[in-house]
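Enquirer: Could you have a look at this structure, given as structure tokens, before my questions?
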Amino acid sequence: MTQDGVNKGRRRFLYIAAGAMGAAGAVGVATPFVKSWYPSEKAKAVGAPVSVDIGTLEAGEMRTVEWRGKPIFVVRRTQTMIDSLKSDGLMNRLADPQSEVTSQQPEYAQNLLRARSEDLAVLEGVCTHLGCAPEFRPEVEPQPFDENWMGGFFCPCHGSKYDLAGRVYRGVPAPANLVVPPYRVDGTILTIGEETA
Ligand code: FES
């Protein structure tokens, strides 16, 4: 990701943040920002790790956390979502279903669900095309951009599509899966930007 791309992503992030509740209403899933920051504003500015309590994050829900000026999507996947992510019908439509582009995730997330645990997705909300923030579209139903939509993230800027593991579809402008940032989970506390205690 170039600096220019990051800046574009930031701008897009702020735009999406302003409209988050409208989007949430459309799909019936709340996507609030997590407000309980642990580090100070000064620490955040220099990219310190961010810890949030995800104990109340419900199955099927997404929250957005800011880390290093970027939106981090945190999704609690349902068992139905997990099963869908493993289906051949979806896998065959993806460019890198096995996370073989190793620069896009830490080693512990180089697996089918691109995560430390199957139920929790932690993804940078920055499209790998030109840095827009994809929209959370978890519903499994025909969409104007995909009549066989299986739930995931849609980037309206140029039409890139990702599944609920951040894996990019084939034949879209985005060249790679969404980045998985370094993170760890201790009980209900998710820390982004730090991998070990
Ligand atoms: S920035 Fe997402 S498709 Fe172009």
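The values are calculated or read from the model by the stated rules, or taken from the named source; none is laboratory data. Computed from a prediction, not measured in an experiment: that's the story for all the values here. Here the Cβ positions follow ideal geometry from the backbone for every residue, glycine too, while neighbour counts run over all protein chains shown. Side chains included, ligands, DNA and RNA excluded: accessible areas come from the protein's heavy atoms. Shrake-Rupley method; radii C 1.70, N 1.55, O 1.52, S 1.80 Å.
Enquirer: Could you tell me which residue of the range 147-165 is farthest from the ligand (Cβ to nearest atom), considering only residues that are without any contact (Cβ under 8 Å) to a residue 60 or more places away in the chain and within 13 Å of Leu85 (Cβ to Cβ)?
Expert: Narrowing the range 147-165 to residues without any contact (Cβ under 8 Å) to a residue 60 or more places away in the chain: 147-149, 152, 154-156, 158-162.
Now drop any that are not within 13 Å of Leu85 (Cβ to Cβ), which leaves 152, 162.
Values: Gly152: 13, Tyr162: 9 Å.
Per the criteria, the residue is Gly152.
Enquirer: Kindly check whether there is at least one residue in the range 102-116 that is within 16 Å of the ligand (Cβ to nearest atom), touching a residue at least 24 places away in the same chain (Cβ under 8 Å) and within 30 Å of Ser51 (Cβ to Cβ).
Expert: Residues of the range 102-116 that are within 16 Å of the ligand (Cβ to nearest atom), as a first pass: 104.
Filter again for touching a residue at least 24 places away in the same chain (Cβ under 8 Å), leaving 104.
Now restrict to residues that are within 30 Å of Ser51 (Cβ to Cβ): 104.
Scanning the range 102-116 turns up at least one residue that is within 16 Å of the ligand (Cβ to nearest atom), touching a residue at least 24 places away in the same chain (Cβ under 8 Å) and within 30 Å of Ser51 (Cβ to Cβ).
Enquirer: Restricting attention to the range 48-70, report how many residues are part of a loop (DSSP other than H, G, I, E, B), out of contact with any Asp or Glu (no Cβ under 6 Å at 6 or more places or on another chain) and open to solvent by 20 Å² or more (accessible area, probe 1.4 Å). Let's see the steps before the verdict.
Expert: Let us first name the residues in the range 48-70 that are part of a loop (DSSP other than H, G, I, E, B), namely 48-49, 54-61, 68-69.
Filter once more, so that each one left must be out of contact with any Asp or Glu (no Cβ under 6 Å at 6 or more places or on another chain): 48, 54-61, 68-69.
Filter again for open to solvent by 20 Å² or more (accessible area, probe 1.4 Å), leaving 48, 55-56, 58-59, 61, 68-69.
Residues in the range 48-70 being part of a loop (DSSP other than H, G, I, E, B), out of contact with any Asp or Glu (no Cβ under 6 Å at 6 or more places or on another chain) and open to solvent by 20 Å² or more (accessible area, probe 1.4 Å): 8 in total.
Enquirer: Which of the residues that make up the range 83-113 are in contact with a Leu (Cβ under 9 Å, 6 or more places away or on another chain) and among the charged types (D, E, K, R)?
Expert: Once the filter is applied, which keeps residues that are in contact with a Leu (Cβ under 9 Å, 6 or more places away or on another chain) and among the charged types (D, E, K, R), the range 83-113 yields only Lys86.
Enquirer: Hey, can you tell me all the residues within the range 117-139 that are free of Cβ contacts under 8 Å to residues at least 60 places away in the same chain, more than 16 Å from the ligand (Cβ to nearest atom) and open to solvent by 40 Å² or more (accessible area, probe 1.4 Å)?
Expert: Scanning the range 117-139 gives a single hit, Glu118.
Enquirer: Further question: Where the second residue is open to solvent by 40 Å² or more (accessible area, probe 1.4 Å) and modelled with pLDDT under 95 and the first is within 24 Å of Cys155 (Cα to Cα) and lies in the range 178-197, which pairs have Cβ atoms under 6 Å and are six or more apart or on separate chains?
Expert: If the second residue must be open to solvent by 40 Å² or more (accessible area, probe 1.4 Å) and modelled with pLDDT under 95, the pairs left are Pro182/Glu195.
Enquirer: Does Arg93 qualify as being more than 16 Å from the ligand (Cβ to nearest atom), open to solvent by 30 Å² or more (accessible area, probe 1.4 Å) and touching a residue at least 60 places away in the same chain (Cβ under 8 Å)?
Expert: yes
Enquirer: Oh, and also: Given the conditions (1) modelled with pLDDT under 95; (2) open to solvent by 40 Å² or more (accessible area, probe 1.4 Å), and given that Thr80 satisfies all but one, which numbered condition is not satisfied?
Expert: (1)
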